[in-house]
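Working notes for the structure below.
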Amino acid sequence: MAPIKFGVGQSVRRKEDDALLRGQGCYTDDLAPPAVAHALMLRSPYGRAHFTIDVEAARNMPGVLAVFSAADVADLGGLPCLFNLPNAPFKAPHYPILAADEVRHVGDAVAFVVAETLAQARDALDAIDVQWTQQPAVAGSVSALQPGAPQVWPQFPGNVLFDVGIGDKAAVEQAFAAADAVADIRIVNPRIVTNYLEPRAAVCEYDSKRDRLTLTVGSQGSHRLRDILCQQVLKIPTEKMRVICPDVGGGFGTKLFPYREYALLAVAAKRLRRAVKWNAERMDHFVGDAQGRDNVTTARMALAADGRFLAMDVDLVADMGAYLSTFGPYIPFAGANMLPGLYDIKAFHCRVRTVFSNTVPVDAYRGAGRPEAAYVIERLVDAAARKLGMTPDAIRRKNFIPPRALPYTTATGKVYDSGDFAAHLKRAMELGGWKEFPKRLKAAKKQGRLRGIGLASYVEVCGTMGEETAQVQLDQHGDVIVLIGTQSSGQGHHTAYAQLVAEQLRLPPERIHIVQGDTDRIATGLGTGGSASIPSGGVSVARASHKLGAQLRDLAADLLEVGASDLEIENGAIRIVGTDRIISFAELAQRKGVDPAKLTASEKFSSADGTFPNGTHLVEVEIDPDTGQVAVINYVVVDDFGVTLNPLLLAGQVHGGTVQGIGQALMERAVYDEDGQLITGSLMDYALPRAADAPSITFETQNVPCQTNPLGVKGAGEAGAIGSCPALINAIIDALWRDYRIDHIDMPATPERVWMAIRDQQRQHRL
């Protein structure tokens, strides 16, 4: 059978984009039910404070329909943390829907107002009488661990949630004792505010006849959100709530979680018996949505004289914020298991501490622990190269796990099934003109510029969300409908799934329709996170499509009076091979007496092992020593994603993730003062990369098919954000090391930080 024009491996343009470009997208804020009421949240202006609240004046204001404080929703459960340590379980502190008596971070919610108009809701917020008594606060994990630091939760002395070890400490100590040299680093992975384009929004409607709620929300998954809200917060049967996710303008992990507003909207809609809408302002996002990263890490590598890695020892401190978000403590724990990276490191140990502070809770952000791990190991590898006087590429080749050793079990128990790590390193160096770099360095020096080139070779694990089910149906027009519980937030799922169906059923994409984000139409779903949609959902779609194709051939065989093996599917019809006798999908669907069950197929897939995408980022930078300004001159990415489903979609994902990493490396950082006040609480103070900051990116794949996934694919959605930060910082340090022997700078490498590092080094040299 000849390859189909719109099948796997083809650069099919995104079918979602036509509606979006025409302004026909439908986001949550576009929804305006009749007589909808409007809601606002009152948030704490303090990092920590005791308070009393009086809402009576607000309740009596014109147009005000309801005002909730903690006393009014005391029957609700708190927001849950879904992770616990298997061998040292902890009891998460209560994460209330509205705080009572004490707030623990700026933005902590204390009241919820519902009014006829937004203006009336704002007036009511102003009328709420809150008496604040500010208390000592602590911001930042380093400060939180200091003796005598204010305690966020009295039941967690020293502000430590857990302090556990991963790996073999004794073996590591033995290896370090025998080492010829030791490389060490101490790095900060700064806190990040997601800043997706579409702020969170939700609308809740109540059907009094059915006693049923419908929540429309821009989320990364409808089923998990419904289940948590119903079972653990609202304490109602799940069949009492329908969750619909329309178009979603970015998520990056942060829209995966339940938030306070969703529960409060449900309570308000039911009590008022009308639709209620809440739409976040950008300020709400900065102080009300989970933030990302925020690790402080010390790492050491024991080295043999020839450059071999003997052992790795890590001390990781992760800031959780004031409460435990849905997956908050899982992120550093799981990320720590990826710290050995692509290297053959026999002895490994990591101490993981998770710490409370009076800041916004921290949870998954694009990559969720794997970017943090890649940043540590790739910074440490470069430090080891400098320690031994080796080049960054040579020390990597020396220690890469070779293809012949695969499948390879790491010291943390991860099983890498496939890959050729030296191959993508070599190709990235070729594309980046590694050998010719000295010439470019010399030219830059003539212009008074510093020049640096850096590498990062990463691996991550993804596709482990669990079981995903896809249902594929033939409609009466002969088109195919796919129902699946993943949720697109810009990735192009409608196009990717359509290609998988097209591959099996030989249909053009316009005849394939994807349905996501509706708990009434779709039985189950995990949502989207961890780059799992194609490795899990894609397999389910492909299998269900294949199954449906077999069922349709069986139906056609009976009608055409031939064997099923004599039939082929082409362009929405089934034909006897070598003849013009055909029957269309539409005819099959409309034919009387056809068993409806034969027109639908369902399949599911899960992978406990996951997939391990990997690759190399190469970055070349130029630095103005008089200003500290860093310019990205060249950017190369060579990735191993197993199998490429759609080169256009893949490049878009890699480019987007890479630019997010560039933003983190050069400019993004959430800053709190000692009282827990968010200093960078708006886009006036928090820098984001713009189009001018995005370099031209050379992107290729060096694919080795995955052995744990039937499609051979490896997740790709987060990879760009994983390799970019260490590659860029390594390039900056390379430039600074050549001229000033500066071997460290933390993210973000702002012009001020770079300039100060140069000035400090010059001052020390003069002394």
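The values are calculated or read from the model by the stated rules, or taken from the named source; none is laboratory data. Given the structure is predicted, the values throughout are model-derived calculations rather than measurements. Here the Cβ is made from the backbone with ideal geometry for all residues, glycine too, and neighbour counts use every protein chain on show.
Candidates in the stretch 689-698 are the residues that are assigned to a loop (DSSP other than H, G, I, E, B) and not polar (S, T, N, Q); of these, the one that is surrounded by the fewest Cβ atoms within 10 Å (Cβ to Cβ) is R690.
Residue-wise test of (1) buried (at least 24 other Cβ atoms within 10 Å of the Cβ); (2) touching an Asp or Glu at 6+ places or on another chain (Cβ under 9 Å); (3) not polar (S, T, N, Q).
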site	(1), (2), (3)
G221	yes, no, yes
K235	no, yes, yes
T238	no, yes, no
I244	no, yes, yes
K255	yes, yes, yes
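Here the stretch 546-570 is the region considered, the condition is being touching a Ser or Thr at 6+ places or on another chain (Cβ under 9 Å) and in contact (Cβ under 8 Å) with a residue 40 or more places away in the chain, and the residue that is surrounded by the fewest Cβ atoms within 10 Å (Cβ to Cβ) is K547. Can you tell me which residues in the stretch 249-270 are out of contact with any strand residue (DSSP E or B) (no Cβ under 6 Å at 6 or more places or on another chain) and assigned to a helix (DSSP H, G or I)? Passing the criteria: A263, V267. Among strands (runs of 3 or more DSSP E) entirely within the stretch 273-366, having at least 1 residues that are not assigned by TED's automatic domain parsing to the domain that holds A115 singles out 292-303, 309-321, 347-356.
Just one of the listed residues (A394, A443, A428) is within 29 Å of the chain's Cα centre (by Cα) and over 30 Å from Q220 (Cβ atoms), namely A428.
Scanning the stretch 289-330 for residues that are closer than 28 Å to G218 by Cα, out of contact with any helix residue (DSSP H, G or I) (no Cβ under 8 Å at 6 or more places or on another chain) and either surrounded by fewer than 23 Cβ atoms within 10 Å (Cβ to Cβ) or not polar (S, T, N, Q) (or both) returns D289, A290, G292, M320, G321, A322, Y323, L324, F327, G328, P329, Y330. No other residue among S607, S545, S584, S602 is touching a helix residue (DSSP H, G or I) at 6+ places or on another chain (Cβ under 9 Å), hydroxyl-bearing (S, T, Y) and farther than 30 Å from R366 by Cβ apart from S602.
Under the condition of being closer than 18 Å to G250 by Cα and crowded, with 23+ Cβ neighbours inside 10 Å, the residues counted in the stretch 493-526 number 6. Say whether the condition of being aliphatic (A, V, I, L, M) and either touching a Cys at 6+ places or on another chain (Cβ under 8 Å) or assigned to a helix (DSSP H, G or I) (or both) is met by at least one residue in the stretch 504-517. Yes, because at least one residue in the stretch 504-517 is aliphatic (A, V, I, L, M) and either touching a Cys at 6+ places or on another chain (Cβ under 8 Å) or assigned to a helix (DSSP H, G or I) (or both). Among the residues of the stretch 682-693, not a single one is at pLDDT 95 or above and under 25 Å from D393 (Cα atoms). Remark: pairs (first residue in the stretch 154-181, touching a residue at least 24 places away in the same chain (Cβ under 8 Å); second residue of a type in the set (D, E); Cβ separation under 8 Å; 6+ apart in sequence or on different chains) = V172/D313; F176/D313. Can you find a residue in the stretch 35-44 that is touching a residue at least 40 places away in the same chain (Cβ under 8 Å), over 25 Å from the mean Cα position of the chain (by Cα) and farther than 19 Å from E116 by Cβ? Yes.
Are any of the residues in the stretch 550-568 outside any helix (DSSP H, G or I), under 25 Å from E587 (Cα atoms) and either of a type in the set (D, E) or at pLDDT below 90 (or both)? Checked against the condition, which is being outside any helix (DSSP H, G or I), under 25 Å from E587 (Cα atoms) and either of a type in the set (D, E) or at pLDDT below 90 (or both), the stretch 550-568 yields at least one hit.
Among the residues of the stretch 669-688 satisfying the criterion of being of a type in the set (A, V, I, L, M, F, W, C) and in contact with a strand residue (DSSP E or B) (Cβ under 7 Å, 6 or more places away or on another chain), which is surrounded by the most Cβ atoms within 10 Å (Cβ to Cβ)? In this case the residue turns out to be L678.
Counting only residues that are among the polar types (S, T, N, Q) and surrounded by fewer than 14 Cβ atoms within 10 Å (Cβ to Cβ), which one in the stretch 144-159 is farthest from N295 (Cα to Cα)? Across the stretch 144-159, the extreme among qualifying residues is Q155.
Considering the stretch 233-248, and only residues there that are in a loop (DSSP other than H, G, I, E, B) and not hydrophobic (A, V, I, L, M, F, W, C), the residue that is nearest to L82 (Cα to Cα) turns out to be K235.
Residues of the stretch 180-215 that are surrounded by fewer than 19 Cβ atoms within 10 Å (Cβ to Cβ), small (G, A, S) and touching a strand residue (DSSP E or B) at 6+ places or on another chain (Cβ under 8 Å): A181 alone. Restricting the search to strands (runs of 3 or more DSSP E) fully inside the stretch 113-232 and requiring at least 1 residues that are hydrophobic (A, V, I, L, M, F, W, C) and within 24 Å of the chain's Cα centre (by Cα) gives 160-167, 181-192, 201-207, 212-217.
Annotation note: of R427, R386, R440, R396, the sole residue that is at negative phi, part of a helix (DSSP H, G or I), surrounded by 24 or more Cβ atoms within 10 Å (Cβ to Cβ) and out of contact with any Gly (no Cβ under 7 Å at 6 or more places or on another chain) is R396. The number of residues in the stretch 183-235 being among the hydrophobic types (A, V, I, L, M, F, W, C) and more than 30 Å from L683 (Cα to Cα) comes to 8. In this entry, A127 is excluded by the filter for residues that are outside the structural domain of R669 (by TED's automatic domain parsing), surrounded by fewer than 16 Cβ atoms within 10 Å (Cβ to Cβ) and out of contact with any strand residue (DSSP E or B) (no Cβ under 8 Å at 6 or more places or on another chain).
What's the total number of residues in the stretch 736-767 that are in contact (Cβ under 8 Å) with a residue 12 or more places away in the chain and assigned to a loop (DSSP other than H, G, I, E, B)? Here the count works out to 10. Residues that are of a type in the set (D, E) number at least 1 in the following strands (runs of 3 or more DSSP E) confined to the stretch 1-71: 49-54.
Across the stretch 718-767, the number of residues qualifying as β-branched (V, I, T) and more than 25 Å from the chain's Cα centre (by Cα) comes to 6. Here is a check on your reading of the model: is V110 outside the structural domain of L42 (by TED's automatic domain parsing), on the phi < 0 side of the Ramachandran plot and not in a loop (DSSP other than H, G, I, E, B)? Criteria not met by V110.
Which residues, taken from the stretch 630-674, are in a strand (DSSP E or B) and hydroxyl-bearing (S, T, Y)? Selection gives Y635, Y672. Checked against the criterion of being of a type in the set (K, R), on the phi < 0 side of the Ramachandran plot and exposed (fewer than 14 other Cβ atoms within 10 Å of the Cβ), the stretch 160-171 has no qualifying residue.
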